[in-house]
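Q: This is the structure I want to talk about, given as structure tokens.
Rule-based calculations on the coordinates, nothing more; no lab input. Please read all numbers here as calculations on a predicted model, not as lab measurements. Here the Cβ positions follow ideal geometry from the backbone for every residue, glycine too, while neighbour counts run over all protein chains shown.
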Amino acid sequence: MDFVKNHWYAVAIGRDLPAGELVQRQVLGTRVVLFRDEEGRPAAVEDRCPHRNVSLSLGCLVGSHVQCGYHGLAFDRTGKCVRMPNVEQPPAVMRVQAFPVIEKHGYIWLWTGEPSLAAEERIPDYSWQESGAWVGDLAWQETRCNYMLALENVLDLSHATYVHGETVGSPQVAQTVPEVVMGEDTVSVRRVFTDRELPAFYQKATGWQQADRTQTITYFDVNCVRLEITIAPIGNTDPDKVLRLMFGGPYTPRDAHSHLHFSSAYRNFRLEDSAMTAALIGTIRKAYSEDVSFLEDQQRMIDEGRSQPNRLFAVDRGPVAAMRLLARSIEADRSAPISRT
Ligand code: FES
Ligand SMILES: [Fe+2]
């Protein structure tokens with residue numbers, strides 16, 4: 001499968017993993033069960049009891065241990081069996097695979113590769129989601145298409161004119177030729193709209209009708225994007241008058257045919273306005289649901305063998321460049337060490 005294994009993947013929004021609960025997720029084809037130990041630290045082990053192969057997520061959390069619902073074996077956050085009915089010392093072989101997990105930037109991140117390489121510094125940067133200078137909210141949903149199709153979708157925003165005309169799109173997007181900027185490990189696709197009427201979505205957020213606006217979507221770190229919007233008074237040169245919005249999130253492969261889509265809507269203005277926070281994330285969720293029918297249709301074409309090689313044009317430069325970087329990351333990862341406990 002075309003995945004980078006040595007990588008941190010977002011598997012949940014932190015608030016969706018409440019104390020005392022078991023949450024099942026699938027990442028790169030592996031089912032895991034997420035939980036919090038008694039200190040509140042998130043943990044993840046493979047969702048399969050080694051005794052008779054049932055899902056541990058059918059069991060329950062007892063203190064800091066996942067207890068299998070079938071015959072009561074219990075496992076700690078390292079995957080070690082710590083309790084076995086009628087057996088004083090559970091044998092070492094009775095264990096499950098455990099995964100490094102860290103909570104950061106509002107997400108629970110799980111490392112799927114060699115555990116010794118799981119450095120916290122390698123977590124993709126969504127730090128503004130924890131910064132006091134920004135306010136916003138997160139959302140997620142499972143989508144039945146390969147994560148690469150979804151990355152290609154977001155890196156070519158010309159579709160916003162046609163797919164998102166009712167929510168965040170406007171005719172200007174498809175009509176404006178984007179600039180594609182290549183970094184060492186990033187691709188940015190940028191459009192500049194000078195002295196234009198704002199789409200209704202941004203009119204509501206800013207209270208302005210006409211403005212200068214930029215839209216920069218950046219691909220980075222294997223499966224991540226951020227979409228930065230700046231909106232400023234026409235002809236403005238004062239950085240303090242620039243309103244900024246930040247969208248986007250990681251795309252976590254469940255398997256080759258589906259992924260977890262994380263979206264976000266943050267802004268650096270009207271920080272106290274909680275109704276605005278709800279309205280922005282609501283619109284982003286709605287916009288993404290407009291994409292889903294196209295993305296899942298593309299995947300069906302592939303799965304049914306009806307897909308032919310793409311015939312690309314100018315708007316595809318960003319997605320093509322990003323997919324090249326991703327292919328390079330997948331290739332580099334193949335030669336990296338992977339060990340399994
Ligand atoms: S199947 Fe889990 S304890 Fe028996
Ligand atoms: Fe879209």
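Q: Has the stretch 119-141 got any residue that is out of contact with any His (no Cβ under 6 Å at 6 or more places or on another chain), surrounded by fewer than 18 Cβ atoms within 10 Å (Cβ to Cβ) and more than 28 Å from residue 245 (Cβ to Cβ)?
A: Yes, the conditions are met somewhere in the stretch 119-141.
Q: Additional query: Sort out which residues of the stretch 67-88 are free of Cβ contacts under 8 Å to residues at least 60 places away in the same chain, within 30 Å of the chain's Cα centre (by Cα) and surrounded by 16 or more Cβ atoms within 10 Å (Cβ to Cβ), and write them in order of number. Walk me through it before giving the result.
A: Restricting attention to the stretch 67-88, the residues satisfying the condition of being free of Cβ contacts under 8 Å to residues at least 60 places away in the same chain are 67-78, 80-88.
Keeping just the survivors that are within 30 Å of the chain's Cα centre (by Cα) gives 67-68, 75-78, 80.
Answer for the stretch 67-88, where residues must be free of Cβ contacts under 8 Å to residues at least 60 places away in the same chain, within 30 Å of the chain's Cα centre (by Cα) and surrounded by 16 or more Cβ atoms within 10 Å (Cβ to Cβ): 67, 68, 75, 76, 77, 80.
Per-residue answers, yes or no, for (1) farther than 26 Å from residue 179 by Cβ; (2) not in a loop (DSSP other than H, G, I, E, B):
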{"position": "260", "(1), (2)": "yes, yes"}
{"position": "270", "(1), (2)": "yes, no"}
{"position": "281", "(1), (2)": "yes, yes"}
{"position": "305", "(1), (2)": "yes, no"}
{"position": "316", "(1), (2)": "no, yes"}
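Q: Would a scan of the stretch 27-35 turn up a residue that is touching a Phe, Trp or Tyr at 6+ places or on another chain (Cβ under 6 Å) and buried (at least 18 other Cβ atoms within 10 Å of the Cβ)?
A: Going through the stretch 27-35, the residues touching a Phe, Trp or Tyr at 6+ places or on another chain (Cβ under 6 Å) turn out to be 27-28.
Cutting the leftovers down to buried (at least 18 other Cβ atoms within 10 Å of the Cβ) gives us 27-28.
Yes, the stretch 27-35 contains a residue that is touching a Phe, Trp or Tyr at 6+ places or on another chain (Cβ under 6 Å) and buried (at least 18 other Cβ atoms within 10 Å of the Cβ).
Q: Hey, another quick one. So which residues in the stretch 1-33 are in a loop (DSSP other than H, G, I, E, B), touching a Ser or Thr at 6+ places or on another chain (Cβ under 6 Å) and of a type in the set (A, V, I, L, M), if there are any at all?
A: Matches in the stretch 1-33: 4, 22, 28.
Q: Considering 150, 133, which residue is within 16 Å of ligand 2 (Cβ to nearest atom) and under 26 Å from residue 251 (Cα atoms)?
A: Numbers: 133 fails: within 16 Å of ligand 2 (Cβ to nearest atom).
Being within 16 Å of ligand 2 (Cβ to nearest atom) and under 26 Å from residue 251 (Cα atoms) holds for just one of 150, 133, which is 150.
Q: Looking at the stretch 34-60 only, could you name the residues that are hydroxyl-bearing (Ser, Thr, Tyr) and either within 16 Å of ligand 2 (Cβ to nearest atom) or part of a helix (DSSP H, G or I) (or both)? Full working, then the answer.
A: Initially, the stretch 34-60 is screened for residues hydroxyl-bearing (Ser, Thr, Tyr), giving 55, 57.
Within the stretch 34-60, 57 is the sole residue that qualifies.
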